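None of the figures in this text is laboratory data; all of them are computed from the coordinates on show. If you're wondering where the values come from, they're calculated on a predicted model, not measured in any experiment. Positions of Cβ are generated from backbone atoms using ideal geometry, with glycine treated the same way; all protein chains shown enter the neighbour counts.
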There are 2 protein chains.
Amino acid sequence: MDRFMQAAIEEAQAGLAEGGIPIGSVLVHRGTIIGRGHNRRVQHGSVVLHGEMDALENAGRQSAAVYRECVLYTTLSPCPMCSGAILLYGIPKVVIGENRTFMGEEEHLRARGVTVDVLQDPVCIDLMSGFIKRSPALWSEDIGSE
Amino acid sequence: MDRFMQAAIEEAQAGLAEGGIPIGSVLVHRGTIIGRGHNRRVQHGSVVLHGEMDALENAGRQSAAVYRECVLYTTLSPCPMCSGAILLYGIPKVVIGENRTFMGEEEHLRARGVTVDVLQDPVCIDLMSGFIKRSPALWSEDIGSE
């Protein structure tokens, strides 16, 4: 297991333990994690702090020169909002735990020149498939679905 | 002046008075403002709370049924992140103060079926052009530019 994806999974598991949506993310700059995060919808009543956004927020204010040397790791395929944040800050590479339970904007990212790797990690798939089965309404809310 | 754009401008002006980036937004549901916000980069050290994101966050957790009856007003053309949030939550219409000082993802929004109106409001243009002249480095940071 990639150690950065492992760190993203630990974030997802921490979110689950808090009663939240189990999606985690880490932002890595030149081999060092500079931001960790997980979905905060339940915990903070937040509609903007998806896992990836929370990792970006916790990394703090950075220059474009830093972002362009970063890799974002996320346990789940990034939604339109998180993909937009990746494009805004010019993050050149995203490593995704899985896209079986939710397909985000991977093609849009690739079309804009972002490198997108998908691991189809069974731990990530189990985390999300179990959560979606237990909490379908909460999951629909998180992705703006009916 | 449209009263909702006026409310967004008041948010931008409040941000400026706090020493922040003068971009404001309001989320309107069936003719009522349910969220107001402005850029919080300086005030909160936030990299995710652009004006539109702050308005969405302050509106709190909403269902897709609410978002699909909303209009988002913003003083400036929405960046990739904010445009992604609009798409995530299925907000069908965006009213933009101006796109002269920054052109966001308007074409992407339109391609996904969002109605996009641009007012080219002189107050919005003055707020941003003055800010960019005074604080070019801060503005570059906010839009992930070198």
Can you report the number of residues in the range A:92-119 which are over 14 Å from the mean Cα position of the chain (by Cα) and within 18 Å of A:Ala12 (Cβ to Cβ)?
1
Do any helices (runs of 4 or more DSSP H) entirely within the range B:97-146 hold 3 or more residues that are of a type in the set (A, V, I, L, M, F, W, C), and if so, which?
B:122-134, B:136-142
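When you check A:Arg61 against the structure, is it in contact with a strand residue (DSSP E or B) (Cβ under 7 Å, 6 or more places away or on another chain), surrounded by fewer than 18 Cβ atoms within 10 Å (Cβ to Cβ) and not in a strand (DSSP E or B), yes or no?
On the way: in contact with a strand residue (DSSP E or B) (Cβ under 7 Å, 6 or more places away or on another chain): no; surrounded by fewer than 18 Cβ atoms within 10 Å (Cβ to Cβ): yes; not in a strand (DSSP E or B): yes.
The answer is no for A:Arg61.
Just a yes or no: is a residue in the range B:107-116 of a type in the set (Asp, Glu), within 14 Å of chain A (Cβ to nearest Cβ), within 21 Å of A:Ile86 (Cα to Cα) and surrounded by 15 or more Cβ atoms within 10 Å (Cβ to Cβ)? Even if it seems obvious, please write down each step before you answer.
Kept after step one, since they are of a type in the set (Asp, Glu), are these residues of the range B:107-116: B:107.
Pick out the ones that are also within 14 Å of chain A (Cβ to nearest Cβ) and you get B:107.
Add one more test, that the residue is within 21 Å of A:Ile86 (Cα to Cα), and what stays is B:107.
Cutting the leftovers down to surrounded by 15 or more Cβ atoms within 10 Å (Cβ to Cβ) gives us none.
Within the range B:107-116, none of the residues are of a type in the set (Asp, Glu), within 14 Å of chain A (Cβ to nearest Cβ), within 21 Å of A:Ile86 (Cα to Cα) and surrounded by 15 or more Cβ atoms within 10 Å (Cβ to Cβ).
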Restricted to the range B:12-54 and to residues being within 10 Å of the chain's Cα centre (by Cα) and assigned to a helix (DSSP H, G or I), the residue surrounded by the most Cβ atoms within 10 Å (Cβ to Cβ) is B:Glu52
What's the number of the condition A:Ser135 fails, among (1) within 14 Å of chain B (Cβ to nearest Cβ); (2) closer than 20 Å to A:Gly15 by Cα; (3) of a type in the set (Gly, Ala, Ser); (4) crowded, with 20+ Cβ neighbours inside 10 Å?
(4)
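So, B:Thr101, is that one touching a strand residue (DSSP E or B) at 6+ places or on another chain (Cβ under 6 Å), more than 12 Å from every other protein chain (Cβ to nearest Cβ) and among the hydroxyl-bearing types (Ser, Thr, Tyr) or not? Spell out how you get there, then give the answer.
Details: touching a strand residue (DSSP E or B) at 6+ places or on another chain (Cβ under 6 Å): no; more than 12 Å from every other protein chain (Cβ to nearest Cβ): yes; among the hydroxyl-bearing types (Ser, Thr, Tyr): yes.
So B:Thr101 does not fit the description; no.
If I filter the range B:66-96 down to residues being of a type in the set (Ser, Thr, Tyr) and in a helix (DSSP H, G or I), which single residue comes out as farthest from B:Gly35 (Cα to Cα)?
Our first condition is that a residue be of a type in the set (Ser, Thr, Tyr); within the range B:66-96, this holds for B:67, B:73-75, B:77, B:83, B:89.
Now restrict to residues that are in a helix (DSSP H, G or I): B:67, B:83.
Working: B:Tyr67: 12, B:Ser83: 17 Å.
This residue is B:Ser83.
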Flagged pairs (Cβ under 9 angstrom, 6 or more apart or on separate chains; first in the range A:38-58, touching a residue at least 12 places away in the same chain (Cβ under 8 Å) and more than 10 Å from B:Val47 (Cα to Cα); second polar (S, T, N, Q) and in a helix (DSSP H, G or I)) are A:His38/A:Gln13; A:Leu49/A:Gln43; A:Glu52/A:Ser83
Which numbered condition in (1) without any contact (Cβ under 8 Å) to a residue 12 or more places away in the chain; (2) within 14 Å of chain A (Cβ to nearest Cβ); (3) of a type outside the set (Lys, Arg) is the only one that B:Gln6 fails?
(2)
